[in-house]
Amino acid sequence: MKDPASMTERELKETVNKFRNEISHNEKTLKNVFRELKLHRTNIGELKEKRDDLNAKVKELATLARNEKAARDEVNAKISEIKGKRQVVLNLKDKLTGDISSFKEKRNQFNQESKGSVESLAKAYTKEVETFLNADIPLKHEKDVFERIMQLEKRLEAALAADGLHKEVMSVYDSAKEVEKEGYELGSHIKELAEDSQKHHVKMIELYNQIDEFRKEADLYHSQMKETYAVLSPIRDKIDPLKKKVESLREELGGYLDKLNEIQLEKDEKKKDEQHSAAKERLEKTGKMSLEDLKILMDKGDLKL
């Protein structure tokens, strides 16, 4: 740029206007930058609020999910304990079932040996003994009777043994029924607890699924915040250069304005001199003067009150 001292008034005015236009343009650009920053910061504030709200929900749901998991694990521990008791019962039932089978097998063997009931065999045995002891029978027939008595005695013993085993079978069977009832009750309790455990498990899974959704949404808002911060950096970088540019332009403009003011002062001073001369000439020629003439003459010291 030219030295203000070497420029005409017109050149100075044109230069001042150029500087003012450039300053105005840069100030407008700076305002737009601040407006854009404010907009992005508002967006960041909204994104942060949404992210924080979601993270708070995640924290709340995580507590509920942990409670559901603890409740499920507690129920599962009870199930495990009851299953242990049921296993003892099942083992006892298996043993009793085995005892029943063993007793039945022996009883059936005795039944095969006895081939009759205790009542019928006892009646036949008594009859043969009565015949053997009291009847007058031939020796050969007596030997046959004695042989039958011996066979009946063995069969009766087998029948008695079979009846004893049958009673054992019934006794063990009654015990087995009690054990089976206890096992059924334990199984029913396990089923109820398993359903309760499943409810807690399903609720826990639902909560964790909600947590995953909220975390994904919160992460999305966080990513948008990071993207916005990345945009803010180059925008902020524009501020200082624009401020310095405006400051530099204003400083440079000052020199041209000073020169313009100097020219204006000279013009004003010249105009005042011209007005003074005219007022003085009018007074000398006419002896009259206006209020404006009076003020001018007094300012110059030509008249005093």
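Rolling a 1.4 Å probe over the protein heavy atoms of the chain, with every protein chain left in place, gives an accessible area that is 52 percent carbon and sulfur. Fully extending the segment from Arg215 to Glu185, taken as 0.36 nm per residue of separation minus the present Cα-Cα distance, adds 6.3 nm. Taking every lysine pair in segment 119-186 that is 8 or more places apart or spans two chains, those with Cα atoms closer than 17 Å amount to 5.
The base-10 log of I(q)/I(0) for segment 170-241, evaluated at q = 0.12, 0.15, 0.22 Å⁻¹, reads -0.65, -0.76, -0.95 [Debye formula, identical scatterers on Cα atoms, solvent excluded].
Local charge for Arg86 was computed over the other residues whose Cβ lies under 13 Å away, with Lys and Arg +1 and Asp and Glu -1, and equals +1.
Peptides 15-22, 162-169 ranked from most to least packed give 162-169, 15-22, packing being the mean of other C-beta atoms within 10 angstrom over each peptide's residues.
Each label was represented as a point 7 Å from its Cα along the Cα-to-Cβ direction; for Glu292 and Glu119 these points are 16.0 nm apart. Accessible surface computed residue by residue for segment 146-305, with neighbouring protein chains in place and a 1.4 Å probe, gives 72 Å² per residue. For the chain, averaging the sequence separation of C-alpha pairs within contact (under 8 Å, six or more residues apart) and dividing by the residue count gives a relative contact order of 37 percent.
FRET efficiency for the Leu37 to Glu206 pair, using the beta carbon distance and R₀ = 51 Å, is estimated at 0.75.
Here Thr63 and Asp94 are evaluated by their C-beta separation; at R0 = 41 Å the FRET efficiency comes out at 0.35.
Applying D = kT/(6 pi eta Rh) to segment 228-270, where Rh is the Kirkwood radius over alpha-carbon pairs, T corresponds to 25 °C and eta to 0.890 mPa s, the Stokes-Einstein value obtained is 189 µm²/s.
Each principal axis of the Cα atoms in segment 43-178 has its own extent, and those three values, largest first, are 130, 16, 16 angstrom. Largest to smallest in accessible area, the residues Leu39, Leu90 fall in the order Leu39, Leu90 (1.4 Å probe, all protein chains included).
How much length, in nm to one decimal, is gained on full extension between Glu227 and Lys271, taken as 0.36 nm per residue of separation minus their Cα-Cα distance? Length difference between fully extended and current span is 9.4 nm.
Volume per residue for the chain equals 229 cubic angstrom (convex hull of Cα atoms). Rounded to 0.05, the FRET efficiency of the Asp258 and Glu27 pair, given R0 = 22 Å and the Cβ-Cβ distance, is 0.55.
The values are calculated or read from the model by the stated rules, or taken from the named source; none is laboratory data. Not measured: the values here are computed from a predicted model. Heads up, the Cβs are rebuilt from the backbone with ideal geometry, glycines too, and the neighbour counts pull from every protein chain shown. Heavy atoms of the whole protein, side chains included, go into the accessibility calculation; ligands, DNA and RNA do not. Shrake-Rupley method; radii C 1.70, N 1.55, O 1.52, S 1.80 Å.
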